[in-house]
Amino acid sequence: MNRTRFAPSPTGPLHLGHAFAALTAARLADTGQFLLRIEDIDRSRCRPEYEAMITEDLHWLGLGWPLPVMRQSERLPAYQAALDRLAGLGLTYPCECRRADIRAALSAPQEGVTPVIGPDGPVYPGTCRHRSMDQAGPEDAIRLDMARALDHLRSDGITFADEGIATSQHLSALDMIEGIGDVVLARRGMGTSYHLSVVVDDAAQGITLVTRGKDLLDSTSIHVLLQRLLELPVPRYHHHRLIRDNAGKRLAKRDDARALRLYREQGMPAAEMRQLLGF
């Protein structure tokens with residue numbers, strides 16, 4: 001009996017990949033509970049019409065969930081409490097770097113190497129790592145000092161079992177430091193980030209099995225690390241296959257031709273959609 005969730009962002013219409021993810025989470029809940037969570041921390045891109053469309057699409061697929069629905073925009077105090085705890089452990093620092101600054105630092109001649117790409121893009125070079133939290137300003141992001149975090153746990157890396165791939169996943173401390181780096185825990189103007197909020201919310205909702213696409217496999221190591229730092233329960237994980245287009249490219253929200261609302265408007269029965277996706 002599992003407690004699972006589907007947590008879309010209302011920044012565009014749901015597509016076939018979202019449908020597959022939602023149906024997978026619901027199926028793996030088995031006789032447990034399937035929850036809907038709205039990840040709307042990016043207020044500049046989230047729209048109420050997209051949230052309404054999410055509900056309509058999921059109901060069309062035959063899914064239901066308990067109310068009220070958790071919304072990240074209503075949980076900023078919980079994220080701040082987690083940030084404060086990590087800061088109290090000496091594991092965070094403020095970062096004033098913009099994306100252009102990071103690109104410039106990584107392309108500097110003295111670096112002499114090709115930038116490493118992690119779950120969030122090019123691995124941050126640590127420009128602001130010397131700064132302390134008492135220097136944080138309103139325009140700063142907050143980053144996790146990965147090396148300090150691993151040292152705090154006395155960990156040689158992060159290991160977790162993956163039920164979708166049916167193997168144990170392990171990233172060494174060196175992999176975490178050099179391949180993932182000092183991830184952002186709070187983006188400027190948001191007060192949190194995907195990595196922090198998903199960990200805090202999964203614990204608050206008692207999620208026992210996290211289902212997500214294989215493209216988020218590396219992010220899971222970050223989440224397990226944060227769960228251990230914050231002394232939160234570590235759920236089980238199931239990374240499922242991705243739905244791709246005819247060229248083998250992973251579907252994104254910009255692929256409107258795959259939007260569920262279009263299939264609905266064209267009269268496709270929900271049962272046919274479920275069969276199309278293998279359910």
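I need the helices (runs of 4 or more DSSP H) fully contained in segment 1-91, keeping only those with at least 1 residues that are over 16 Å from the mean Cα position of the chain (by Cα) and among the basic types (Lys, Arg).
Where helices (runs of 4 or more DSSP H) fall fully within segment 1-91 and carry at least 1 residues being over 16 Å from the mean Cα position of the chain (by Cα) and among the basic types (Lys, Arg), they are 16-29, 76-88.
Here's a check for you: in segment 161-199, which residue that is charged (D, E, K, R) and in contact with an Asp or Glu (Cβ under 8 Å, 6 or more places away or on another chain) is surrounded by the most Cβ atoms within 10 Å (Cβ to Cβ)?
182
Taking segment 141-151 on its own, how many of its residues are surrounded by 19 or more Cβ atoms within 10 Å (Cβ to Cβ) and either in a helix (DSSP H, G or I) or modelled with pLDDT under 95 (or both)?
3
If residue 154 satisfies every condition in (1) under 18 Å from the mean Cα position of the chain (by Cα); (2) open to solvent by 40 Å² or more (accessible area, probe 1.4 Å) but one, which is the exception?
For residue 154, the failing item is (1).
Can you go through 16, 67 and tell me which one is open to solvent by less than 20 Å² (accessible area, probe 1.4 Å), among the aliphatic types (A, V, I, L, M) and either farther than 15 Å from residue 202 by Cα or without any contact (Cβ under 8 Å) to a residue 24 or more places away in the chain (or both)?
Just a single option satisfies the conditions, and that option is 16.
What do you reckon, is residue 154 free of Cβ contacts under 8 Å to residues at least 12 places away in the same chain, of a type outside the set (A, V, I, L, M) and at positive phi?
Yes.
The values are calculated or read from the model by the stated rules, or taken from the named source; none is laboratory data. Nothing here was measured: the structure is a model prediction, and the numbers come from that model. FYI the Cβ positions are ideal-geometry reconstructions off the backbone, even for glycines, and counts take in every protein chain you see. Accessible surface areas use protein heavy atoms only, side chains included; no ligands, DNA or RNA. Shrake-Rupley method; radii C 1.70, N 1.55, O 1.52, S 1.80 Å.
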